[in-house]
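Note sheet for the following structure.
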Amino acid sequence: MLRLSKLADYGVLLMAELARDPGGATHNARELAAETGLPSPMVAKVLKTLTREGLLVSHRGAHGGYSLARPPQQIPVAKIIAALEGPVALTQCGAGPGSCEHEPSCHVRTPWERINRAVTGTLERVTLADLIHPSDLIPLEELGVR
C-alpha cells in the first residue's frame, strides 16, 4: 500500500483549512488544531516546518498566527508533501541516482522511474485550490489516467 506519512497528511489538511478562508486571515495553531481535530503539538510542528519551507507566513503579535504564503492555486500538493517528507519517491531508486545499491543490475528501474514521474507530475498539477474546490479538479482523462 502506498501511503503518505501522518505528517504530510496533516500538512495537506492544515493547508487546505487555511485555504478555505477566502480573506486569507491568520489562524493560530490552537485554532487550527480545534478546527481540524488534530493534536496541537503535531499541528505546531507541521506549521513551523511549512513556514520554514516558505509555504506559510508566520505573523507575530496578539492577533498572530499563520497564513498562506501564496494563493491556493499557486501551491501544488507536491510542494506540500515535499516540504514535509522530501521528494516524492515511490521506490528507493526514485529518490535519485545512486540511492539504491541494486541500481546497476535492476531490470525494473526504468519502469519505476516512469511511474514515479507520472505520480509526481499529477501531484504537481493538483493545487491546494483543487483540494478545496473538488468540482474544479482536472478530469483524470486529461491527466492521462484511465
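Whether a residue is touching a residue at least 24 places away in the same chain (Cβ under 8 Å), in contact with a helix residue (DSSP H, G or I) (Cβ under 7 Å, 6 or more places away or on another chain) and closer than 26 Å to residue 2 by Cα was assessed, and residue 89 passes this test.
Could you check, for the stretch 71-92, whether at least one of its residues is buried (at least 17 other Cβ atoms within 10 Å of the Cβ), at pLDDT 85 or above and in a loop (DSSP other than H, G, I, E, B)? Looking for residues that are buried (at least 17 other Cβ atoms within 10 Å of the Cβ), at pLDDT 85 or above and in a loop (DSSP other than H, G, I, E, B), one finds at least one in the stretch 71-92, hence yes. Summed over the stretch 1-57, residues that are out of contact with any strand residue (DSSP E or B) (no Cβ under 8 Å at 6 or more places or on another chain), of a type in the set (Ser, Thr, Tyr) and outside any helix (DSSP H, G or I) total 1. Cβ-Cβ distances below 6 Å connect the following pairs, each with a first residue in the stretch 98-117 that is free of Cβ contacts under 8 Å to residues at least 60 places away in the same chain, a second residue that is assigned to a loop (DSSP other than H, G, I, E, B), and a separation of six or more residues or different chains: 112/91; 116/90. The residue list 135, 99 contains one member that is small (Gly, Ala, Ser), modelled with pLDDT under 85 and farther than 23 Å from residue 21 by Cβ, which is 99.
Here is a list: 14, 32. Which entry is over 16 Å from residue 82 (Cβ atoms) and either at pLDDT 95 or above or charged (D, E, K, R) (or both)? Reasoning before the result, please.
Details: 14 fails: over 16 Å from residue 82 (Cβ atoms).
None of the other options fit; the residue is 32.
Residues that are over 17 Å from residue 127 (Cβ atoms), of a type in the set (Gly, Ala, Ser) and out of contact with any Ser or Thr (no Cβ under 6 Å at 6 or more places or on another chain) within the stretch 40-86 comprise 40, 44, 61, 62, 64, 86, listed in sequence order. Right, residue 37: over 19 Å from residue 125 (Cα atoms), more than 17 Å from the chain's Cα centre (by Cα) and in contact (Cβ under 8 Å) with a residue 24 or more places away in the chain or not? When the stated conditions are applied, residue 37 does not pass them. Scanning the stretch 48-86 for residues that are of a type in the set (Asp, Glu) and without any contact (Cβ under 8 Å) to a residue 60 or more places away in the chain returns a single hit, 53.
The values are calculated or read from the model by the stated rules, or taken from the named source; none is laboratory data. Because the structure is a prediction, the values reported are computed rather than measured. A quick note on method: Cβ atoms are made from the backbone with ideal geometry, for glycine too, and the neighbour counts reach across all protein chains shown.
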